[in-house]
Amino acid sequence: MDVHTKVQELTGYEMFLFRPPYGDYDNNVIKVATDCGYYAIQWDVDSLDWKDYGVDSIIKTVTEHKHLGNGSIILCHNGAKYTADALDTLITTLQDKGYELVPISELIYRDNYHLDHEGRQIGD
C-alpha cells in the first residue's frame, strides 16, 4: 500500500485496479487485493509485444486472437520495443472491426460477480 499512498499523494488519484504481475494469482492474491480495496483484473488477449517480434506481429496477434471479443482486455507493455509504433494501427484496426475502446473501469463488475479459472469476471 506504500505505492498506492505515494501515487495518491502525487496525483490525487485513488487507484482501485490491480493486475497481478505476470498474471500469476491464486485465491490468496485475490483476497488480499480485495481486502486492500482493489479489483483484481486479468487480460484475455496477450499481444505478446514483450517478445519483440515487431509491429505487424503485435497487430496480427491481437486482431486475430481467438479470445478477442466484446469485453476483452488486451495486454500491452509500455516498455516493449514495438508497442508504441503498433498502437495507432492496432486501435484503428480494432475500431474498423466495430470495437469501442473504453477504460477497464467501464468493463468490470463491481458487485455480484465471481472469477472463473481464467480470471474472467462472471456476473452472479
For Lys66, net neighbour charge (Lys/Arg +1, Asp/Glu -1) across residues whose Cβ lies under 13 Å away: -3
Accessible surface, 1.4 Å probe, highest first, among residues Lys51, Lys97: Lys97, Lys51
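Express the carbon and sulfur contribution to the solvent-accessible surface of the chain as a percent, rounded to the nearest whole number, probe 1.4 angstrom. Before the final figure, lay out each step's value.
Numbers: 4270 of 8540 Å².
For the chain, the apolar C and S fraction of the accessible surface comes to 50 percent.
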Within-15-Å neighbourhood charge of Thr92 [Cβ basis; K, R +1; D, E -1]: -3
Under 15 Å, Cβ to Cβ, from Gln121 - net charge with Lys/Arg +1 and Asp/Glu -1: -3
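What value, in deg cm²/dmol to 500, does the helix sum -39500 (n - 2.57) over DSSP H runs of n ≥ 4 give at 222 nm once divided by the residues of the chain? Working shown, then result.
Numbers: 4 runs with 42 residues, N = 124.
Roughly -10000 deg cm²/dmol at 222 nm, from the helical runs in the chain.
Kindly report the accessible area of the chain per residue (heavy atoms of protein chains, probe 1.4 Å, no ligands, DNA or RNA), in Å².
Numbers: 8540 Å² over 124 residues.
Using a 1.4 Å probe on heavy atoms only, each residue of the chain averages 69 Å².
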For peptides 56-68, 14-26, 106-118, sequence by mean Cβ density within 10 Å, most packed first: 56-68, 14-26, 106-118
Where labels lie 7 Å past Cα in the beta-carbon direction, separation of Lys97 and His4 in nm: 3.5
Karplus 3J(HN,Hα) series, Hz, for segment 9-15 with 6.51 cos²θ - 1.76 cosθ + 1.60 (x for Gly, Pro): 4, 6, 10, x, 8, 9, 5
Label point at Tyr109 placed 7 Å out along Cα→Cβ; residues across segment 1-33 whose backbone nitrogen lies under 20 Å: 16-20, 25-33
Size of charge dipole - the chain - debye, nearest 20, with Cβ of Lys, Arg +1 and Asp, Glu -1, no other charges: 100
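For segment 36-124, what does the relative contact order come out to in percent, with C-alpha contacts under 8 Å and a separation of six or more? All intermediate terms of the calculation are to be shown ahead of the outcome.
Details: 101 pairs, mean separation 26.2, N = 89.
Once normalised by length, the contact order is 29 percent.
The values are calculated or read from the model by the stated rules, or taken from the named source; none is laboratory data. What you see is a predicted model, and the numbers here were worked out from it, not measured in a lab. When we count neighbours, we look across all protein chains shown, and the Cβ atoms used for this are built from the backbone with ideal geometry, even at glycine. Note: areas computed on protein heavy atoms with side chains; ligands, DNA, RNA excluded. Shrake-Rupley method; radii C 1.70, N 1.55, O 1.52, S 1.80 Å.
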